Amino acid sequence: MEIRSVCVYCGSSDHVPAAYLDAARAMGRAIARRGWRLVYGGGSTGLMGALADAALEAGGEVIGVLPDHFYTPQLAHTGLTRLEVVPDMHTRKARMAELADAFVALPGGFGTWEELFEILTWAQIGLHRKPVALLNFRGFYDQLLAFVDFALGQGFLYTEHRNLLLEAATPEAVLQALEAFEHPGGIAKWLRRPPDARRA
């Protein structure tokens, strides 16, 4: 599947170390250099704003999708290629998924994680076949990945579905992982296999 558009989930807090903002800027530039369109949550603060600004400065196309209750002068990014204002968070996430060919989660909090795991779940059950990756900058997601692997070891995940979550430490490596990804199929395919073959 050719990638032309990437949805990026990331934190909106300004109260984070500057290195994380720099990583978001690097991701925005890397996406723009490939000629890919950036889709994100439409905010102007934190990693969201840094990501969008860097992509725009590098000549990239940036589409923001913002729920109506966040459409304020303090939060909305008004300099994007296009800003879509939608009624609620559910519509926002569905629209971002519709616009994207791939997904990346940068460092963030509850909202970022919720978006990441929802889109991963959709991949697991076969609702889409698009790649999903973490930017594991400075080991930010090491403990999360360790927990995912613990759940795998306890039998709550199949290996095929664990492999749906890609990760790399730099923006360029993340984008390369997205390009190289091959989807193994939805959960129905694996449930049809004998139990002892599902984790092969």
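Laboratory data are not the source of any read-out in this text; all were calculated from the coordinates shown. Since the structure is predicted, the reported quantities are computational estimates derived from the model, not experimental observations. So basically every Cβ, Gly included, is an ideal-geometry build from the backbone, and we count neighbours across all protein chains shown.
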For a quick protection proxy, order the peptides 147-155, 57-65, 128-136 by their average other-Cβ count within 10 Å, most packed first.
-> 128-136, 57-65, 147-155
Measure off 7 Å from each Cα along the Cα-to-Cβ vector at residue 113 and residue 129, then give the distance between these two points in nanometres to one decimal.
-> 3.2
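With viscosity set to 1.567 mPa s at 4 °C, what whole-number translational diffusion coefficient in µm²/s follows for segment 1-119 from Stokes-Einstein and a Kirkwood radius over Cα pairs?
On the way: Rh = 13.8 Å.
Rounded, D is 94 µm²/s.
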Residues in segment 106-121 reached by a label modelled at residue 154 [backbone nitrogen below 15 Å; 7 Å Cα→Cβ] = none
Globularity ratio of the chain, using Cα Rg and 2.2 N^0.38 Å | 1.02
Under a 5 Å amide H to amide H cut-off, with H placed in plane at 1.01 Å, what residues pair with residue 167 once short-range neighbours are removed?
-> 134
Amide H of residue 104: which non-local residues (sequence gap of 5 or more, or other chain) have their own amide H closer than 5 Å, using H built in the peptide plane?
-> 7, 8, 9, 133
